[in-house]
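Chemist: Just passing along the structure, written as structure tokens.
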Amino acid sequence: MEERLKTGTTTVGIKCKDGVVLAADKRATAGTMIVDKRADKVHAINDDFAVTIAGGVSDAQLLIKLIKAELKLKEVRTNKKPSAKEAANLLGGLLYSNIRRPSMIPGIAHFLLGGKDKEGVHLYDLFPDGSVTLIRDFVSSGSGSVFALGVLETQYKPEITTAEAVKLAVKAVNTALQRDSCSGNGIDVIVVNDKEVKMVMQKELEISL
């Protein structure tokens with residue numbers, strides 16, 4: 001069962017001086033089998049937040065639906081938009097409950113969340129255990145993260161712009177695509193700044209870069 005549940009992904013989050021860049025590959029796997037070559041692993045939650053996903057697809061899809069609903073409910077109840085910290089904590093609580101719910105199949109999902117609020121633009125790492133970590137530079141998740149992190153460690157700079165970070169994110173994911181067999185088939189990139197959440201790249205590849 002553990003072998004069948006193994007999945008692969010490469011996601012990247014980069015904090016910039018003018019926003020946040022989120023990127024991921026497009027390959028979905030089940031063990032050694034490629035089950036989807038056009039998987040969406042970067043999702044806009046609403047006008048203020050976006051996430052990347054890694055782990056079990058069913059868990060990630062359900063949690064995205066739940067966080068969309070929770071954020072809308074919170075906005076209706078409080079008559080104001082949730083802050084990035086509130087959104088991260090809401091999703092962290094959902095992850096905490098998800099992995100601790102008794103099940104024949106473990107609920108494992110890893111999110112990177114980029115969001116904007118009155119205080120600026122923020123990047124969070126939401127681990128499958130429900131922990132919430134504010135990221136001040138960069139982060140990567142999934143089976144290809146070790147390769148992506150090597151690129152980010154050497155080329156990230158604190159004053160990086162979103163335009164520069166898009167190129168760096170693509171390079172980091174591309175490096176993982178060349179070495180991690182569970183990552184591949186394309187790259188999606190979203191930029192979150194103080195004005196919008198925008199998909200800036202959707203590139204499909206028939207073969208790994």
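Chemist: Since residue 108 meets every condition but one in (1) touching a residue at least 40 places away in the same chain (Cβ under 8 Å); (2) out of contact with any helix residue (DSSP H, G or I) (no Cβ under 9 Å at 6 or more places or on another chain); (3) over 29 Å from residue 162 (Cα atoms), which condition does it not meet?
Modeler: That leaves (2) as the condition not met.
Chemist: Looking for whichever is closer than 21 Å to residue 22 by Cβ and β-branched (Val, Ile, Thr) here; the options are 53, 99. Which one fits?
Modeler: Of the residues listed, the single one that is closer than 21 Å to residue 22 by Cβ and β-branched (Val, Ile, Thr) is 53.
Chemist: Now, a different point. For the stretch 16-38, give me each residue that is touching a residue at least 40 places away in the same chain (Cβ under 8 Å) and of a type in the set (Gly, Ala, Ser).
Modeler: Selection gives 19, 23, 24.
Chemist: Of all residues being among the aliphatic types (A, V, I, L, M), at pLDDT below 95 and surrounded by 17 or more Cβ atoms within 10 Å (Cβ to Cβ) in the stretch 176-208, which is farthest from residue 19 (Cα to Cα)? Just the residue, please.
Modeler: Ranking the candidates gives 177 first.
Chemist: Just for the stretch 126-155: of the residues that are of a type in the set (Ser, Thr, Tyr) and surrounded by fewer than 18 Cβ atoms within 10 Å (Cβ to Cβ), which one is farthest from residue 49 (Cα to Cα)?
Modeler: In this case the residue turns out to be 154.
Chemist: Let me ask something additional. Every residue in the stretch 32-77 that is within 27 Å of residue 205 (Cβ to Cβ), in a helix (DSSP H, G or I) and out of contact with any Phe, Trp or Tyr (no Cβ under 8 Å at 6 or more places or on another chain), please.
Modeler: Once the filter is applied, which keeps residues that are within 27 Å of residue 205 (Cβ to Cβ), in a helix (DSSP H, G or I) and out of contact with any Phe, Trp or Tyr (no Cβ under 8 Å at 6 or more places or on another chain), the stretch 32-77 yields 57, 58, 59, 61, 64.
Chemist: While we're here: Give me the pairs: first residue in the stretch 171-192 and under 12 Å from residue 9 (Cβ atoms), second residue basic (Lys, Arg) and in a loop (DSSP other than H, G, I, E, B), beta-carbon distance under 6 Å, and six or more apart or on different chains, which are they?
Modeler: Matching pairs, first to second residue: 183/27; 184/27; 185/26; 185/27; 185/37.
Chemist: Evaluate the following for residue 95: is it more than 15 Å from the chain's Cα centre (by Cα) and buried (at least 18 other Cβ atoms within 10 Å of the Cβ)?
Modeler: So residue 95 does not fit the description; no.
Chemist: Given the conditions (1) part of a strand (DSSP E or B); (2) within 18 Å of residue 127 (Cα to Cα), and given that residue 29 satisfies all but one, which numbered condition is not satisfied?
Modeler: (2)
The values are calculated or read from the model by the stated rules, or taken from the named source; none is laboratory data. A quick note: this is a predicted structure, and the numbers were derived from the prediction, not measured. Positions of Cβ are backbone-derived with ideal geometry, glycine not excepted, and every protein chain shown enters the neighbour counts.
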